[in-house]
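The values are calculated or read from the model by the stated rules, or taken from the named source; none is laboratory data. Note that this is a predicted model, so its numbers are computed, not measured. A quick note on method: Cβ atoms are made from the backbone with ideal geometry, for glycine too, and the neighbour counts reach across all protein chains shown. The protein model used for the area step is the full one, side chains on, heavy atoms only, and it has no ligands, DNA or RNA in it. Shrake-Rupley method; radii C 1.70, N 1.55, O 1.52, S 1.80 Å.
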Amino acid sequence: MRAAAEPQADDLILSIREVKKHYPIREGALQRVVGHVRAVDGVSFDIRRGQTVGLVGESGCGKTTLGRVIAALADPTDGGVHYSMDGAMCRIDRLEGKAARTFRRNCQMVFQDSYASLNPRHLVIDLVGRPLKVYNEAASSDLVERVVELLDQVGLGRQHLYRYPHQFSGGQRQRISIARALALNPEVIVLDEPTSALDVSVQAQILNLLNDLQKERNLAYLFVTHDLSVVRHMADRLVVMYLGKVAEAGETQAIFDSPHHPYTRELMAAKPDMEAEANVEIRGLEGTVPDPARPPQGCRFHTRCELATSACGWEVDDVVRWLEDAPGMFEHLVGVERTTEFAAELAFDTEEAAGLLSMAVRSEQVPEAMRAAMRRLNLDGTKVEIEFEDVGEVELTARDDGRMAACVLAPQEVASWKSP
Amino acid sequence: MTDVQQTRIAAGAMTADTAFRVRMRRLFGVLQGMASNPATVIGLVVIALMLVMAIFAPWILEPNSPDPYQMPRDWGAVRKPPGTPGHPLGTTNEGGDVLYGVIWGSRTSLQLSLMVVGSTMIVGTIVGSIAGLVGGWVDEVLMRLVDVFLSIPELIFALAIAAVLGPSFGNIILALAVVLWVKYARIMRAQVLQIKQHDFVDAARVIGDTKLNIYLRDILPNAVTPVTVQATLDMGNVVLIGATLSFIGLSEAGIAEWGVLVSEGQAGIASGRWWASTFPGLMIFLWALAFNLVGDGLRDALDPRTEGR
Ligand SMILES: Nc1ncnc2c1ncn2[C@@H]1O[C@H](COP(=O)(O)OP(=O)(O)OP(=O)(O)O)[C@@H](O)[C@H]1O
Ligand code: SF4
Ligand SMILES: [Mg+2]
């Protein structure tokens, strides 16, 4: 089936449109669905011929999940990945027969764990020759020659044909994976942290190999990583993800020059002297990542953002989170009766605890922006009524020079902010 | 034919041969691993001797006619002790030659083991694979069924079935097969569930290989190790359970089968005629022990933590 044709540039290969992937959380003997992990929650971007798109973000933000949806290993819960074929954009999960095979051939994937992604019982000739066999492209002696050619391109040779994966080093195994991905001469390869399991020197070799192959074959890459220094040298464009959503997207150089989203800024700042220490991983930002099954309102980053304003989505959950962290407070909370995500009545077992909370949320103990967002605070015995400004989601919006960011602040406000 | 074509064909022949050699070397590695364990070697030797005995039975002792699997009857020499001329291991109450029972009984046991283990392994592997691959309610239904089977003790279950079907050697095979397939189904399902999570399965999907090919090339070969080990152990265990069923009279009387011989000979033990049940009993013991030794050795040699690394 073919979706309605959209206007497109010639070099567009994949168009990811509002892709969501939610995993059901089941509980109890009946395995009832009690919620959803919103691993990917509405992501859009394009991948063009010869281009590398870097997909970055902290662990658990949904990079692998999105990569798997794009490689058609998982179906999206909502939205879709569109593939450019014969001048039209077709949703990959609706392709059938020949069209499905065409997509399959043209979108390959390289996995993070080179050992796990190669069948331990297959010889290199079986592994690299398999795609050729599946599409009846080569057989017997011809197959051997084709495999040798592919091995040659990734820096291996004929002498490696009849060895098992375990007889190679990690870097060599990743070369085998790359050779396999190249066998069908694809248009795009999803690379899910292809070098993060490798030593620094080997990492550089593989990155160089990928760069060379890209130039030779005009390949497009979706480069998934949490290593900003890697992506800086590899990617033309960046998509920065946070909790299943895009925080910022645009040209790599422009983003490194001036991040428009505080999260990107923090990610870059978390890497001490990136140029000198080329391979230190993201050190991890302050604070914990919220549960993707219950993402924060407004801007998902507001629970950790040092620049957060009163318009960033402060909500009842922020109060609950504060109670969880405050020593000796959470056990006094006996009930939360919400009217909305932004308004609720909190019941405590003692008047003292209720009083402490209403004092705390008026004090320096909570961020100033949170206090500013508070519309109502009512202490009534053991109950505290609380209400915040009701704000919508902070959408990803276009900025100047084709950049996108999901933040209420203007770029110069983000740029001029200095850490206290 | 051009030179290029010729060299290509030569290269193809050479390389196919290389692949074969490499695979054989791997298999050889497993065998070597087993050979380094003396207990396994003893087990293998005993099994080999038993197989030789079963295969060459008609040349060792002339088959009884018309049915070679029935004990011959020498009414002129009943209850003779070992060492009697013509009956080196003695005779039974009905003048059956104990040596004949021991030798031809190895054929019966081999038949029992192969049929029961073969059929249960195939059925269990298929059912377990379907449950693991398809999942959902199919898995749910199949596994509930397996749970029901597993909740009844093996021996009692087999006994009940054999009793209902009536006493015959064929029914013992059937009863054992009905009872034992669930073990394989459960092992296989667990394996499939685990292996289908592996990245190499996703890698095969990304290439666009068919589901059947992925099952046959990626999942099954990586799943069979525990099934193979279980099958080897069961080759011995089945003869033990079968003998128990025979012993309580669920097999055919007069058949050249170790369990039946033990059963028929046990009445004479009190009167000092130990030979009629001791020799076949020893065979059952050796058979079960040998396969268990080899099964254990196989488990160690095929250990995924050491194999091929
Ligand atoms: N099959 C699944 N079932 C349920 N939840 C899942 C599943 N796969 C991923 N998740 C959840 O979805 C979220 C995103 O996971 P994902 O693996 O895509 O993150 P990631 O960005 O690739 O992280 P990492 O850098 O650690 O690889 C996580 O919270 C994860 O727990
Ligand atoms: S919208 Fe911008 S300022 Fe507000 S919390 Fe999000 S990132 Fe921070
Ligand atoms: Mg990942």
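Before moving on, here are some points about what is shown:
- The range B:36-302: translational diffusion in µm²/s, Stokes-Einstein, Kirkwood Rh over Cα pairs, 25 °C, 0.890 mPa s: 121
- Taking chain A and dividing mean pair separation by its residue count, relative contact order in percent (alpha carbons under 8 Å, at least six apart): 16
- Leading residue at positive end of dipole, the protein assembly as shown (Cβ point charges), from A:87, A:334, B:285: B:285
- The alpha carbons of chain A stretch over 85, 53, 46 Å along the principal axes, in descending order.
- Simple rule: put +1 on each Lys or Arg Cβ and -1 on each Asp or Glu Cβ in the protein assembly as shown, find the dipole, and look at B:20, A:206, A:398; the Cα lying farthest toward the positive end is B:20.
- The Rg/Rh ratio for the range A:1-128 is 1.02, where Rg is the radius of gyration of the alpha carbons and Rh is the Kirkwood radius.
- Counted as membrane-span-like here are DSSP H helices of chain B whose alpha-carbon atoms extend 27 Å or more along the helix's own axis and whose Kyte-Doolittle mean is 0.0 or above; these are B:3-35, B:98-134, B:169-195, B:220-247, B:275-301.
- Probing with 1.4 Å while keeping every protein chain in the model, the per residue accessible area of the protein assembly as shown equals 46 Å².
- Counted over the protein assembly as shown, the DSSP beta bridges are approximately 75% antiparallel.
- Distance from the range A:329-351 to the range B:135-155 (C-alpha centre basis), Å: 47
- When the alpha carbon coordinates of the protein assembly as shown are projected onto the principal axes, the ranges are 114, 89, 49 Å, largest first.
- Accessible surface ranking for A:242, A:23, B:215, 1.4 angstrom probe, highest first: A:23, B:215, A:242.
- Percent accessible area from carbon and sulfur atoms, chain B, protein chains only, probe 1.4 Å: 68
- Each part gets one Cα centre, and for the range A:170-189 versus the range B:182-196 those centres are 31 Å apart.
- Cα centroid separation, the range A:203-234 to the range A:124-148 (Å): 26
- Straight-line reach from residue A:133: taking Cα to Cα under 18 Å and skipping same-chain neighbours fewer than 8 places apart, the aspartates and glutamates in range are A:142, A:145, A:149, B:202, B:209, B:218.
- For the residue pairs A:20/A:245; A:20/A:63; A:20/B:211, the alpha carbons lie more than 19 Å apart in A:20/B:211.
- To put it simply, the accessible area of chain A at a 1.4 Å probe is 46 percent carbon and sulfur.
- Take every pair of alpha-carbon atoms less than 8 Å apart whose residues are at least six positions apart; their mean separation over the length of chain B yields a relative contact order of 24 percent.
- Between chain A and chain B, the total buried accessible area stands at approximately 2900 Å², from heavy atoms with a 1.4 Å probe.
- Size of charge dipole - the protein assembly as shown - debye, nearest 20, with Cβ of Lys, Arg +1 and Asp, Glu -1, no other charges: 2900
- Around residue A:399: net Lys/Arg minus Asp/Glu count, Cβ-Cβ under 12 Å: -3
- About the centre of its Cα atoms, the range B:36-302 shows a dipole size close to 100 debye [charges on the beta carbon of Lys, Arg (+1) and Asp, Glu (-1) only; nearest 20 debye].
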